[in-house]
Structure formats: C-alpha cells, structure tokens
Amino acid sequence: MTNHLGEAELKVFIDLSLGYFATVTGTAAQAHSPRIEFSRPEFSDFTGMVTLGGIADGCVYLTLGRRLLEDLLRRLGEPDLSTANCLDLAGEITNTIASNARGHFGHRLTISVPSPYQRAAAEQLPLPPTRFVLPLKWNNHPADLVIALRPDAPAPTA
Amino acid sequence: MNPSLENEFLHRSAAAEKPEPQLRLSPLEWRLWGAVDGLTSLAELARRWDLGGEALALVAGKLKTAGLLAPAEFTLAEYQAAIQTADVPAPAVEPAARKYSASLKRRAPVGTPAGSPGTGGSGSGSAAPGERGLSFQLRPLIDFIIQQAGGGTKGQLAVYRVFCQVPHELLLKSRITSLNLVGDNFEIQDLALKSRLLEATRTVLGVDYR
C-alpha cells in the first residue's frame, strides 16, 4: 500500500505556499530547485507544521528564519517582533495554507491543526526520513517548504 | 563565497561523536557540529543558512582546532560524486526542468545498460571497472521518472514519490543522503537498492524502466 497523493496533489501545497506570500505581502516568493533528502532534517529558527492522515501519512512544514518572520511582521504592521510573535506567525502562515488545502482535498485528506515549533523542539520530532525540500526565498530571506511522507498509508475507504 | 569553501568537507572526529556533557559551544558551533556529514561542503551549508562563508569558516576553524571536526577524506569516485554537484548553483524551478530536458537529449536512449557507449558513464562514478555490468546509473532513472511525469515540479515530485518507497537504510548504505549530492555518473552497486528503485518506479508511474 502506498501514499495516495499524486504529484498534482502534492503540488497543491507548493502552490498554496507560494500563493500565501504573493497574496498576503504582495511580494512573490521565488522557488528554487528542489532537493530530495534522506539525512537528518535541518530546521530554521521557526517551523509551522501540519500532519497528514487519510490518503497520505506524513507531514508538511514550512521552516523559516527569524529575519524573514520579523520582516513579515513589519509588513503586516506588527511592531512587536518578539519570539512569541514570530512563533505565532509561523503557525499562522501554516494555518492559512492548511485551510486552503482542506478546501482543496475535502475529507479525503486529513490535515491537522498546525503546530509551531522553535528549532530545538522541531529537531526532536520523529519525522519520515525521506523529504522533498523546496527552497524558497521571500524578500531575500530563505525558507524551506518540506513534504515528508511515510511510504505506507491506509488505502482509501471510499 | 570563498571558492575554497566549496571544497571544504568536514565530518565529526571520532572522539567528538559523543561530546563530553560539559562541553560548551555557541549555538552556531553546535549547529555546524550537528550538520556536518562529510558530504556537504561548508559553502553549501553557508548558502542554506544564509550566512557569510567567512563567518562559517571561522567557526569551522575553531571546531577543527578543538578536535571536534576533521576534514573528510574521499576515494576518487566519492570525491567526484560530491564535488560535481557542490559546484552547481540551484536554478529556479522552470530552468531546472529545462536542464533535465537537455540532459535527456544528451543521453543515450533510456534502457541502455550502464557503462555502454553513449551513457557518459566512463571514467567516473563509483563502480570498479569489473563491476560495471552489475551497476546502473541513477541519473538516467531520475530523468526517466521526471519525463514520464511531465517534467518540472511534478516530475521532481514523482521522483520523490518513488524514493519514498525505497527503504531508508538501503539509500544510506549506498551513501545517498541527498539527490543533490549524487553526481551525474553515480552508479548504484547495491542490487537490493536497484531492485527496490525499479519496483517503486513501476508502482508510482505504472511503467517499467528497463
């Protein structure tokens, strides 16, 4: 039994992530050549993550540096650039992407409520080892969108 | 970026694999200590972390002096596999698709045995001369998957779906830690890995790669 998310469906997460930056900030994020990684994952300062269930088993996360989030907070008119606000924003970005993804997939794919993590906490998470990493750059700040699926998932019931 | 950093590959020294509990390092020093794998250049780490190469070189120098990190050593084949891709900057998504298309045009038809004339496999890769008949090149398989899936991001995602089906330990046994670190002429020696890759390709794409 394999994951039942095809390429076009996985690409939805990429399009939604790129769409977030363009829509919310008016400045598009650039996508660079993706990597497929099998080694220990690396995280930036803050990570927003959703777990997937149903027709796929794994997670999708966006890991971003503090400078990107501070820049984004300023764009959003938020003067408080504290760690707590950066963490909230990492979760909020992922929440927006997850909400739109739920609208796309409906009940076929279960998408969890997003969880925000700082680097040390993210590094403790047991994640699938094979990851699709899409490097993004928004306003000259790097970030990574990561899709990490487990090889086996339950078959669709409907 | 300091060009010499492109050739600076480090790994944790044997003595430092389990650091003393009282060892104190800065966050960046710990980050570098945790990230080195002997296959990723300092220049690549600096790019990933959006840091100046000189700053990272200073940190690396300190950890080397302290005996925590040591320069990685390679066989010629491993060096060629690592250094080929370390020199290549990351292109944007669409140019990457074009690069793969161009790569496909340069190659012999898919299915040509590795090491045959026209595959571009002679003179590099990890196979010993007598083992070429048993190995096969990874890059043509990746190109095949990308082409079958329509190229571009979808093609890359199809490659990801295939590799998701391959047991992690088989990839690490062949020292494949990232597809970006695999040189154009990397040849798979492990028959179990080859078999699982072909099976996964069939499962994901519904076609056989011969």
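Since every read-out is calculated from the coordinates, none of them should be taken as a lab result. Since the model is a prediction, treat every value here as computed from it, not as a measurement. When we count neighbours, we look across all protein chains shown, and the Cβ atoms used for this are built from the backbone with ideal geometry, even at glycine.
Worth a mention:
- Top positive-direction residue, dipole computed over chain A with Cβ charges, set A:Val60, A:Val12, A:Leu127: A:Val12
- For A:Gly58, the residues 5 or more places off, or on other chains, whose built amide H falls under 5 Å of its own are A:Leu52, A:Arg150.
- In chain A, the longest principal axis of the Cα atoms and the axis of helix A:83-105 are about 40 degrees apart.
- Segment B:3-71, dipole about Cα centre (Lys/Arg Cβ +1, Asp/Glu Cβ -1), debye to the nearest 20: 200 debye
- For the listed residue pairs B:Lys154/B:Lys194; B:Lys62/B:Lys194; A:Lys11/B:Lys64, the alpha carbons are over 31 angstrom apart in B:Lys62/B:Lys194; A:Lys11/B:Lys64.
- Chain A, relative contact order in percent, only Cα pairs under 8 angstrom and at least six apart counted: 38 percent
- Average partner coverage of A:23-34, which counts Cβ from other chains inside 10 Å: 3
- Whole-Hz ³J(HN,Hα) from phi, Karplus 6.51 cos²θ - 1.76 cosθ + 1.60, for segment A:55-67, glycine and proline x: 7, 8, 10, x, 8, 10, 9, 10, 10, 10, x, 4, 5
- Taking all C-alpha pairs of segment B:3-71, those more than 15 Å from each other amount to 45 percent.
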